[in-house]
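Working notes, structure below.
The values are calculated or read from the model by the stated rules, or taken from the named source; none is laboratory data. Not measured: the values here are computed from a predicted model. No Cβ is skipped: glycine too gets one built from the backbone with ideal geometry, and neighbour counts run over all protein chains shown. These area figures cover heavy atoms from the full protein model, side chains too; ligands, DNA and RNA do not enter into them. Shrake-Rupley method; radii C 1.70, N 1.55, O 1.52, S 1.80 Å.
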Amino acid sequence: MRGNVVSSLVCAVGISAIAVACSRHAPEQSVAAAQAAPAKPKLGIRPSGDETIKPDVSRLSGDLQRIYRYIDEHVDDHVERLQKWVRQPSISNSGEGIPESAEMVKGFFEELGCQESRVYDVGITEWGAPGNPVVYAKCDYGAPKTVAIYWQYDTMPITQPDAWIAPPFEARLVEQPPYKKVLIGRGATNSKGPELAYWNALMSIKAVTGTLPVNLVFVAEGDEERMDLGLRKFVKDHPEFFAHVDALIGEGGDQAPSGGAGLGGGSEGCVYIELTTSGRSWGHGPVPSDIHGSYKRSVDSPAWRHMKMLASLVSDDGNTPLVKGFTDGREPLSPQETARLKKEAEKTDLKVAAQNIGVARFIADDAFTMQKMGQYGISFNLDGIWGGNMYAGGAGAILPNKITSKHNIRYVPKMNGLEIVKRIREQLDRNGYSDVELKLIGDVPWSKMSYNTDIARAVNTTYEIFDIPHGAPADYSSILGGYWPAYLFSNNEVGMKVAPVSMPIVIGGAGHGGNAHAANEFYVIEGSGKVYGIAGAEKAAATIIYNFAGKNPQPAAAPAKTN
C-alpha cells in the first residue's frame, strides 16, 4: 500500500477517542468527548504496573494532569498501536518492509495533524548504495518554539530465530521478571517502543487540548543500521528544512535497569568496511566459483588466507588493532569526563552489568576501566563473515573461491574514520595482503554536545518530577558514547560538517527496554520498582515538551538526585 491509502488506514485503526487528532484543529466538543469517554480496556495493561515511584503531580500544570489521566485511560490502545508497528518488518539491510514502513510512518505524522508529511526518495548516496526513503513532516501549531524529533524506522535483521522466545514480528506480551508485561519483538527498544511512546504522548496532548505547545519537525530515516546513508544525503540536499528549529530530541534515552537515567546527544564515530579475499584477486585457489572441497589437497584456500589476514590486523586476544596510525588524532579524556566515569564506576557491579547485556564478562575486571572502554574506547569488530558452505549441520565439501567479512570500527574525537580506512589499507599492503579488497560502506563521524541548554534542562526537570535518579547536567561538551547521526544536526564540535544545520540536541526520558540487535529484544509495558512502563514513558515525553515550551511553570526544584 502507498500514499494516502496507508495514511487513511493508519488513521482508521486509531482509537475512536483520539481520532479527533486526525484533523489539525479538533473541535472543542470532540475534545470534551475524548476526555469523557475512556476507551474500553482490551489488554488489561496496568498503567503504573508494580512501580514504586511516581511523578510529583504538584509540579504539573492542569493540562499535564489531564494528559496523564488520558494516557492511563487509553494505555491499552497505545500498546496495541505499538504492537501493530512492531509487526511491520522494516529491515534496512535486506529491504524487507522498508517502503511499507515509510508509508506507515508518514501516516503517523498525518494522523498527528502535520500540514506536510512526505516520503523522500533520496536516490544514490555518497558511497554508491541507494538510500532508503526519509520521511519528513512539518507540524505548525503557531507556537513560539519548534522542536525537531529524530526517528529511525529501520531495524536489524533476525540472525538467530531459534533463540527467540516469541516470534520476532508477533509483538507478544510476556512476563519477564521483574516486569509482568514486556513486549517482545524486533525493533521493540531499537527504536519503535521509545519513538511510539513519544508519538502516543503527542497524540494524547492533542486529544486533550486540541493543539500542541510546540511546533514539530519530524525526520525519520530507514538507514540507521546502514550508516545513515540516506539521511546524510537528505540533510545535505535539504538543510532549509531545519532552518528554524530550536532543538532536536533524539530517539531512545530511557532508564537503566536500576532506574537511573541521564542525558545523551553526542555520538562516537563509526566507520564500516568489508574485506574480501578471492582466488581471482589473489591468483591462487578457485577463480570462477566454489569447487569441491576434496581439491584442497592440491589447491590453495582463499578462506584460510582470509583468516590469516584478519589475524594480522589485531592482537591475539582480538582486542587491540595492530594497524599503524589507527589512533592518530585521538583526544585524551577531559578531567570532567574522567571524574564522571570514576563516579559511575563507584556504583557499577560488573557481574550485574554483564548480565544486563547478556555477556559472560567484560574485558576488564576494573569498573572504571570498563566504563572508560565502554564510553570512550575504540574497537575493530568482526560483525560477520561468509563464504562457501553456509548451512548449519550436515556436510558438503566446498573450497570457497571467495570469503568476505564485515567490520564496524568505533572511534572517538578527534580521530577521522576515512583516515582510519586508509591506515587499514596501508597495513594490509605492508602485511602482504595487497590483493585483499577493501570496500567502504559508510562513515558516521563523532559529535560532541553540551547539556547547558533549555532542551536538556527540560529533560532534567522531568527527571526531578518523576523521581528518576540522574547526574548533574554537564556544563562542557561531551560525547557520552553511542553512535547515531548527531553530527548532521549538532551545534557543537563534530568530526565532519556536511550541511549548515545546527541545533542543541538531547536524548533522555523514562521507560526501559533491552536486547537491541539481539534475540528477544523487548520494551517494558508495565513498569516495576524504579523503572517506568510505557505509560510513564509517555507522561515523561509530554512533560519534556511542556517544560521546553514553558507551559509547565515550576516551583523551586529540589536538589537533583544522583544515581
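Couple of notes before you dig in:
- Looking only at the range 117-131, and only at residues there that are assigned to a loop (DSSP other than H, G, I, E, B), in contact with a Pro (Cβ under 9 Å, 6 or more places away or on another chain) and in contact (Cβ under 8 Å) with a residue 60 or more places away in the chain, the one that is nearest to ASN190 (Cα to Cα): VAL122
- Restricting attention to the range 484-507, the residues that are surrounded by fewer than 22 Cβ atoms within 10 Å (Cβ to Cβ) and either touching a Lys or Arg at 6+ places or on another chain (Cβ under 7 Å) or not in a loop (DSSP other than H, G, I, E, B) (or both) add up to 5.
- Sole residue being assigned to a helix (DSSP H, G or I), open to solvent by less than 60 Å² (accessible area, probe 1.4 Å) and within 29 Å of ARG232 (Cβ to Cβ), chosen from PRO89, PRO99: PRO99
- Filter pass, ASN190 being touching a Ser or Thr at 6+ places or on another chain (Cβ under 9 Å) and not charged (D, E, K, R): yes
- Taking the listed residues SER298, SER267, SER315, the one that is out of contact with any Gly (no Cβ under 6 Å at 6 or more places or on another chain) and touching a residue at least 24 places away in the same chain (Cβ under 8 Å) is SER267, with no other qualifying.
- Among residues of the range 435-458 that are under 14 Å from GLY264 (Cα atoms), those with a beta-carbon under 6 Å from a residue that is part of a strand (DSSP E or B) and open to solvent by 10 Å² or more (accessible area, probe 1.4 Å) at least six positions away or on a different chain give the pairs SER447/VAL494.
- Looking across the range 145-169, the residues that are among the small types (Gly, Ala, Ser) and surrounded by 14 or more Cβ atoms within 10 Å (Cβ to Cβ) come down to ALA148, ALA166.
- Single condition TYR150 does not satisfy, out of (1) without any contact (Cβ under 8 Å) to a residue 12 or more places away in the chain; (2) within 22 Å of ARG232 (Cβ to Cβ): (1)
- For GLY471, the stated conditions hold: it is open to solvent by less than 50 Å² (accessible area, probe 1.4 Å), at pLDDT below 95 and more than 22 Å from GLY318 (Cβ to Cβ).
- Restricting the range 170-192 to residues that are among the basic types (Lys, Arg) and closer than 22 Å to ILE149 by Cα, the residue that is surrounded by the fewest Cβ atoms within 10 Å (Cβ to Cβ): ARG186
- Of all residues making up the range 74-102, the number that are of a type in the set (Lys, Arg) and in contact with a Phe, Trp or Tyr (Cβ under 9 Å, 6 or more places away or on another chain): 2
- Residue within the range 519-529 that is in a loop (DSSP other than H, G, I, E, B) and more than 19 Å from the chain's Cα centre (by Cα) present: yes
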